[in-house]
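The values are calculated or read from the model by the stated rules, or taken from the named source; none is laboratory data. This one's a predicted model, so the numbers in the text were calculated from it and none came from an experiment. Cβ sites come from the backbone with ideal geometry, for glycine too, and all protein chains shown count toward neighbours.
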């Protein structure tokens, strides 16, 4: 068997067989699904416990006007404030809302309890009281609430992308989400797998096995074998994530859709909001999420994700390998790591603050063309639609970029791995680069 | 076996090897000797094709050294190392296959060596679970697994305890008897003196001496003898017409002289002179060690 294949096989198997790999592979999709399920559960069912609030209303403004919700149940009491406070001290489930008599439009209610009040409960009470006050103030100003309720302009912008292929539904929200997710994933994986390459090189150097190995194979073969082997580990992990997540996602979506339809039939309302009756059935938030997700072309994005992951990984891991070869321990890598990670970090930050909002600006364009930054920048832009020629240019440059970094890295690497106990500087690295074979 | 011709190697401003030529005969045990930093490891790395010379050529059995010769060479680097977290057996197979052995071949060879070195129970162990001496044994087996024609050992006995060092020494001699050519590289010259039949001395990137151990030592014999005797040879400074006394030592009535014979005088002549005068207890020729020769040679040059 070819020697590079042997090295790839060892690098690959020694990592895939590790328990941490299996754990991560199966845990991440479960976490994703778990989060997905949690969001649904919270938006559909509400996960809060019921809080009973005793209302002592001295102002008389709120009589019968506070409505029970999913989280709060109100009961009016007729006690002295001192007695009421004693009740609070006696019972730790006792919540007392004390509304002193008001002067004008200002009102300073107080909420007493032994436990801390949940933010949701507090917000609920505040909102309701505001509504009541607003109604009162509108009334005082001579505006009829019923008339106001009738005036409800409804505008729903339907976004359509008009391209040569015709118009299609676009969903800025979904594109936004996918863009951000891809940027985070690429950024993290470049670091995780790049660092694995570096650690692997350092391990071979510090354990001194490297000289035994390179008396059998060329240093370049060893470096490439390691890079490819670890790259395959990354691809395996991603593929498993995609398959597992897609499988679980389909299952849970089907399940949730069914439940949703049942709910619509039994006439349950989602938010205790009157206007739900007038909503078209498929406009509930969870259905919206599902619909938006369905508008995304997963095949296209996934393919490009893998292309850019591979390109970016090959480009950076070669540099990581060179750094690993130059040092004797991981602590010495700092001075080389910082300038190397700067373009990645810059693009990462730019992704959130600029590219995602201006995917077609010239800065976004250049960031997605330059090989050092394109793996992140281009993936943020892709969900918004990128012309084919830009993709071709960007990917070609990325390939040229990793061939170049691999060539540079290999020249440093072949010397570095045999330099024990020598503190490497940039000057030293340039000297190594210029050594003849 | 190995012809090294006019090798030059330069690292930036530092010259590692300056026009070094050597002949290593097939079946010999060759000592590559010299102090630290002399260029031994640089030369060995060139023979192993880890680095390439700037100038010069190497021939392996008459063929120009090329990558396919790697399978014929076994190399034990000065800096020993194995994958710490990999099982010994798996690691051995990996290293053997990198040298070009098939999996089946690798397995049977490893079995043979593990039995021979009494390491069968180590198969599933990891390197980090082994003692230093055990690791050295594993490393040695990895070096010779593929049955190389040429075995290069850089500082072979450093790190071995005396028991293991003797064991390894025997194994090396056995391999040599079976036809392998051995190159020892070391700065501790006395450690390989009795093993080698040929040596080359390297100092400051240059070869300063090479040849068979016997010839070199013979050429550095300078008619010096140590003679111990009882009795008085005369008072004060001992003088004689046929030898010069280099050193005299008296101990409990015994005298030990280090003498250098005049030209054309044999040890028998010296004894003939001494026997009527004193009671001889011991006569021994002083033959310089390789270490002494090296020091003298370096002095001569500078």
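Could you please find all residues in the range B:57-86 being part of a loop (DSSP other than H, G, I, E, B), within 10 Å of chain A (Cβ to nearest Cβ) and over 21 Å from the mean Cα position of the chain (by Cα)? Passing the criteria: B:81, B:82, B:83, B:84, B:85, B:86. Selection of first residues in the range B:146-169 that are surrounded by fewer than 17 Cβ atoms within 10 Å (Cβ to Cβ) and of second residues that are part of a helix (DSSP H, G or I), restricted to Cβ pairs under 6 Å at least 6 apart or on distinct chains, gives the following pairs, ordered by first then second residue: B:159/B:136; B:161/B:133.
Residue by residue, here is whether (1) in the same structural domain as residue A:235 (by TED's automatic domain parsing); (2) touching a residue at least 60 places away in the same chain (Cβ under 8 Å); (3) touching a helix residue (DSSP H, G or I) at 6+ places or on another chain (Cβ under 9 Å) holds:
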| position | (1), (2), (3) |
| --- | --- |
| A:176 | yes, yes, yes |
| A:180 | yes, yes, yes |
| A:185 | yes, yes, yes |
| A:188 | yes, no, no |
| A:192 | yes, no, yes |
| A:197 | yes, yes, yes |
| A:202 | yes, yes, yes |
| A:209 | yes, no, yes |
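Looking at the range A:214-224, which of its residues are in a helix (DSSP H, G or I) and buried (at least 24 other Cβ atoms within 10 Å of the Cβ)?
Within the range A:214-224, A:222, A:223 qualify.
So which residues in the range B:269-291 are part of a helix (DSSP H, G or I) and under 16 Å from residue B:225 (Cβ atoms)? B:269, B:270, B:271, B:272, B:273, B:274, listed by residue number. Checked against the criterion of being assigned by TED's automatic domain parsing to the domain that holds residue B:14 and more than 27 Å from residue B:122 (Cα to Cα), the range B:71-85 has no qualifying residue. Residue A:385 fulfils the conditions (1) touching a strand residue (DSSP E or B) at 6+ places or on another chain (Cβ under 7 Å); (2) closer than 19 Å to residue A:312 by Cα except for a single criterion, (2). Return only the number of the condition from (1) more than 24 Å from the chain's Cα centre (by Cα); (2) more than 27 Å from residue A:427 (Cβ to Cβ) that residue A:329 does not satisfy. Of the numbered conditions (1) more than 24 Å from the chain's Cα centre (by Cα); (2) more than 27 Å from residue A:427 (Cβ to Cβ), the odd one out for residue A:329 is (2).
The residues in the range A:372-402 that are touching a residue at least 40 places away in the same chain (Cβ under 8 Å) and outside any helix (DSSP H, G or I) can be counted, and the count is 2. Against the numbered list (1) within 13 Å of chain A (Cβ to nearest Cβ); (2) out of contact with any strand residue (DSSP E or B) (no Cβ under 9 Å at 6 or more places or on another chain), residue B:116 comes up short only at (1). Within the range B:228-235, at least one residue is surrounded by 14 or more Cβ atoms within 10 Å (Cβ to Cβ), farther than 30 Å from residue B:37 by Cβ, modelled with pLDDT of 85 or more and in contact with a strand residue (DSSP E or B) (Cβ under 8 Å, 6 or more places away or on another chain). So which residues in the range B:107-126 are closer than 17 Å to residue B:164 by Cβ, touching a helix residue (DSSP H, G or I) at 6+ places or on another chain (Cβ under 6 Å) and either in a helix (DSSP H, G or I) or not assigned by TED's automatic domain parsing to the domain that holds residue B:164 (or both)? Scanning the range B:107-126 gives B:113, B:114, B:122. Here residue B:100 fulfils each of the conditions (1) within 25 Å of residue A:8 (Cα to Cα); (2) outside any helix (DSSP H, G or I); (3) touching a strand residue (DSSP E or B) at 6+ places or on another chain (Cβ under 9 Å); (4) within 12 Å of another protein chain (Cβ to nearest Cβ) apart from (3).
Quick grid of which residues meet (1) out of contact with any strand residue (DSSP E or B) (no Cβ under 8 Å at 6 or more places or on another chain); (2) surrounded by 22 or more Cβ atoms within 10 Å (Cβ to Cβ):
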position: B:15; (1), (2): no, no
position: B:32; (1), (2): no, yes
position: B:35; (1), (2): no, no
position: B:49; (1), (2): yes, no
position: B:57; (1), (2): no, no
position: B:68; (1), (2): yes, no
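The residues in the range A:14-30 that are surrounded by 12 or more Cβ atoms within 10 Å (Cβ to Cβ), within 13 Å of chain B (Cβ to nearest Cβ) and assigned to a helix (DSSP H, G or I) can be counted, and the count is 2. If you go through the range A:403-423 and pick out every residue that is more than 26 Å from residue A:310 (Cβ to Cβ), within 14 Å of chain B (Cβ to nearest Cβ) and part of a loop (DSSP other than H, G, I, E, B), you end up with 5. Considering (1) without any contact (Cβ under 8 Å) to a residue 40 or more places away in the chain; (2) on the phi > 0 side of the Ramachandran plot, the lone condition that residue B:191 does not fulfil carries the number (2). Counting only strands (runs of 3 or more DSSP E) that fall entirely inside the range A:50-138 and contain at least 1 residues that are surrounded by fewer than 16 Cβ atoms within 10 Å (Cβ to Cβ), the qualifying elements are A:51-57, A:72-76, A:110-112.
For the range B:43-56, does any single residue satisfy the condition of being at pLDDT below 90, part of a strand (DSSP E or B) and within 14 Å of chain A (Cβ to nearest Cβ)? Checked against the condition, which is being at pLDDT below 90, part of a strand (DSSP E or B) and within 14 Å of chain A (Cβ to nearest Cβ), the range B:43-56 yields no hits at all. Among the criteria (1) more than 14 Å from chain B (Cβ to nearest Cβ); (2) at pLDDT 60 or above; (3) in contact with a helix residue (DSSP H, G or I) (Cβ under 6 Å, 6 or more places away or on another chain), the one residue A:286 does not fulfil is (2). Residue A:369 meets all of the listed conditions (1) closer than 20 Å to residue A:306 by Cβ; (2) at pLDDT below 90; (3) in a loop (DSSP other than H, G, I, E, B) but one, namely (2).
Results for (1) exposed (fewer than 13 other Cβ atoms within 10 Å of the Cβ); (2) at positive phi; (3) modelled with pLDDT under 90, shown as yes or no for each residue.
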residue	(1), (2), (3)
A:157	yes, no, yes
A:175	no, no, yes
A:204	no, no, no
A:207	no, no, yes
